[in-house]
Amino acid sequence: MTDSVVIVGAGEAGGQTAISLRQGGYSGPVTVIGDEPHIPYERPALSKQFLAGELDMERLYLRARAFYDERDIALKLGERVNAIAPGQNITMAEGDVIPAQSIVMATGGRARTLPINGTELGGVHYLRTIDDVLAFRDALKPNIKLAIVGGGYIGLEVAAVATKLGCAVTVLEMTNRVLNRVAAPVISEFYTHVHREAGVDIRTDITVSGFEGDTTVKQVVCTNGTKIDADVVIIGIGIIPNVELAEAAGLAIDNGITVDAMTQTSAENVYAVGDCTNHPNELLGRRLRLESVQNALSQGKAAASAMLGKTEPYAEIPWFWSDQYDIKLQMVGINDPDDQIIVRGDPQTRSFSVCYIRDGVLVAVNAMNRPKDFLHAKKAIAAKIAPDSRRLADAEIAIKDL
């Protein structure tokens, strides 16, 4: 084990790396640097319970502040790193230099921005951090006109919360269906119906060209000439991995910081974890960059193990979830647009699963209010089962029995 570890990034991945180092017995200096003022926290609830006011900030934290203090983990929060020198040190934006024999890049990602007029107006927001949510949460009141740009999971989760709070919500998606890039058409159709039934105005095939207002937003302008009244705008069009520091240091980059199965980058004693990484997955037989809390936490543990001298390759079947209204969607595996689709159950009952088959093998399952399908699918996908399509479509037959 090296003499000191500096973790650049204080999100789930960075926080978990520090926690796992101490749990693994490392007693040397550990420093976690984050540009947000908050101790490491999980992001999924930001667009769900935290936005709804149902979850206190403290419950977002990976650990209480006292945990880090008691274990001598130095937290440098609200500060930025200017450069890294692999195997040597970290240079802070203010000029301070921190010795670092081992460096962990846990830089995460930032909200993708819209390069259009009016984004500087009051009332126009992105959603990536605690402070992002705090900036607009109190504005979501009954009869407030909320426009959401982007029909992905973040946008739809915000729409569900805001609708329950009494807002008049419009979702604007530039492609021909919501969740276009991540889910089968049957799921897009299902959520479109659910949201419209709840009163959400979902519009597809529509592109936003700007926002209008004096000092605060009043209207969303679209390329087809449509103008939509809005008191608040939330933009949720994905994230961009933060790789600039790694790239400047000469690390290999390919849709994220390139790492091996032990989270090692192309530089010795430099590791990378979380949303910013492009990593191999032996179980899936492919490289990928994942934006999920499961991946962030697991890679943090893997990096700590690697620095402690253990060779335990990281490979898990990815899983995700989304809460909207009374519907819990649990997803496992990675689907592609050309996969065969098999539906288990009836979408009208709000309890069904969508299974994705590639070359005869089950590769992903999206389970809507069907937790057993989700749990059984984890093992089935890892085992690379090739189920009979008719039996798989029978919702009365458990996936574990296929």
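The values are calculated or read from the model by the stated rules, or taken from the named source; none is laboratory data. Remember, predicted model here, so these are calculated numbers, not experimental data. Quick reminder, even Gly has a Cβ in these numbers, built from the backbone with ideal geometry, and neighbours come from all protein chains shown.
A few comments on the model shown:
- For segment 55-64, the set of residues classified as closer than 15 Å to R137 by Cβ and either polar (S, T, N, Q) or touching a helix residue (DSSP H, G or I) at 6+ places or on another chain (Cβ under 9 Å) (or both) consists of L55, M57, L60, listed by residue number.
- Every residue from segment 29-76 that is of a type in the set (D, E, K, R) and either surrounded by fewer than 17 Cβ atoms within 10 Å (Cβ to Cβ) or closer than 26 Å to A160 by Cα (or both): E42, R43, K48, E54, D56, E58, R59, R65, D69, E70, R71, D72
- Per the listing A139, A135, the residue uniquely touching a His at 6+ places or on another chain (Cβ under 7 Å) and not aromatic (F, W, Y) is A135.
- Those strands (runs of 3 or more DSSP E) lying entirely in segment 77-158 with at least 1 residues surrounded by 22 or more Cβ atoms within 10 Å (Cβ to Cβ) and modelled with pLDDT of 95 or more: 81-85, 89-92, 102-105, 124-126, 145-149
- Of the criteria (1) touching a strand residue (DSSP E or B) at 6+ places or on another chain (Cβ under 7 Å); (2) at pLDDT below 95, which one L283 fails: (1)
- Of all the listed residues (I130, I148, I144, I84), the sole one being under 30 Å from A252 (Cα atoms) and among the β-branched types (V, I, T) is I84.
- Restricted to segment 1-10, and to residues there that are part of a loop (DSSP other than H, G, I, E, B) and in contact with a Ser or Thr (Cβ under 9 Å, 6 or more places away or on another chain), the residue that is farthest from N295 (Cα to Cα) is D3.
- Matching option when the condition is buried (at least 19 other Cβ atoms within 10 Å of the Cβ) and not aliphatic (A, V, I, L, M), among Q348, Q294, Q330, Q340: Q330
- Subset of segment 61-108 [under 28 Å from the mean Cα position of the chain (by Cα) and among the small types (G, A, S)]: A64, A66, A74, G78, A83, A93, S102, A106, G108
- Here A13, A45 are screened, and the one residue that is outside any loop (DSSP other than H, G, I, E, B), within 30 Å of P142 (Cα to Cα) and of a type outside the set (S, T, N, Q) is A45.
- Selection within segment 262-290: residues that are in contact with a helix residue (DSSP H, G or I) (Cβ under 8 Å, 6 or more places away or on another chain) and surrounded by fewer than 19 Cβ atoms within 10 Å (Cβ to Cβ). The member of this set that is nearest to A83 (Cα to Cα) is Q264.
- Given (1) in a loop (DSSP other than H, G, I, E, B); (2) at pLDDT 95 or above; (3) under 17 Å from T207 (Cα atoms), number of the condition G166 does not satisfy: (3)
- Single condition A395 does not satisfy, out of (1) part of a helix (DSSP H, G or I); (2) in contact (Cβ under 8 Å) with a residue 40 or more places away in the chain: (1)
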